[in-house]
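Below: the structure, in structure tokens.
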Amino acid sequence: MGEPSDRNMEALRIRARERIRQGRLPRGKPARTWGGLGSGLPCALCDAAILGSEPEFELQLDLSAPAESVRLHRECHAVWSEVREEYSAAHDWRAVAEQLPAFGAQVEARVSLTGGRTVIFNLVCLKPAPSAPPSWINTTTGGPLPEGWRPIEWRYLDATKAESTAQGEDASLPKSA
Ligand SMILES: [Zn+2]
């Protein structure tokens, strides 16, 4: 085990893209990042344990949920960070902690559910009352999010359309031989 060799860095980049797409690794900038030594827990990218002799990066996604964090080897963190920047430049995901969407605009948001699972929903952020947290409406159900569900990151739906078009079968795209 231990940190990955240069040989499998490309495999890690592919896996990082996959996990970012699946929502298993964050797309947005984490609220906070700590460095330290491993505690034997698995790395969120390569799945190998981060040993006590190895540097570990711990990402906190949401400051209001201290238990919810992502641990990565130093090398895996570098890979994730590079891939995340590529991804967010292309897809424009933003962390809720950094920026809220325009009030009333429909966005796609990754929501942290109770129990630590995250799911993508279409939401609208409503203008909050003074000194109140923003409230979010699930556009599928038309209702507010259940207690304890917190949007972590979001993007405008136009970007979604752009992505699905780019990924879909498009006869006008030239095929490389
Ligand atoms: Zn790792």
Which ones in the stretch 90-117 are in a strand (DSSP E or B), aliphatic (A, V, I, L, M) and over 13 Å from the mean Cα position of the chain (by Cα)? Val107
Could you grab me the full set of residues in the stretch 24-37 that are in contact (Cβ under 8 Å) with a residue 24 or more places away in the chain and either in a loop (DSSP other than H, G, I, E, B) or within 9 Å of the ligand (Cβ to nearest atom) (or both)? Leu25, Pro26, Arg27, Gly28, Lys29, Pro30, Ala31
Scan the stretch 55-74 and tell me whether some residue there is near the ligand (Cβ under 10 Å from one of its atoms), farther than 18 Å from Arg110 by Cα and part of a helix (DSSP H, G or I). yes
Unique residue being more than 17 Å from Arg150 (Cα to Cα), outside the structural domain of Ile137 (by TED's automatic domain parsing) and either within 15 Å of the ligand (Cβ to nearest atom) or among the aliphatic types (A, V, I, L, M) (or both) when the list is Ala78, Ala105: Ala78
Looking at the stretch 129-159, which of the residues that are among the hydrophobic types (A, V, I, L, M, F, W, C) and outside any loop (DSSP other than H, G, I, E, B) is farthest from Ser88 (Cα to Cα)? Ile137
Search result, residues across the stretch 1-21 that are at pLDDT 85 or above and out of contact with any Lys or Arg (no Cβ under 6 Å at 6 or more places or on another chain): Glu10, Ala11, Leu12, Arg13, Ile14, Arg15, Ala16, Arg17, Glu18, Arg19
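The values are calculated or read from the model by the stated rules, or taken from the named source; none is laboratory data. Everything quoted here is computed from the prediction, not taken from an experiment. Here Cβ is always computed from backbone atoms with ideal geometry, including for glycine, and neighbour counts include all displayed protein chains.
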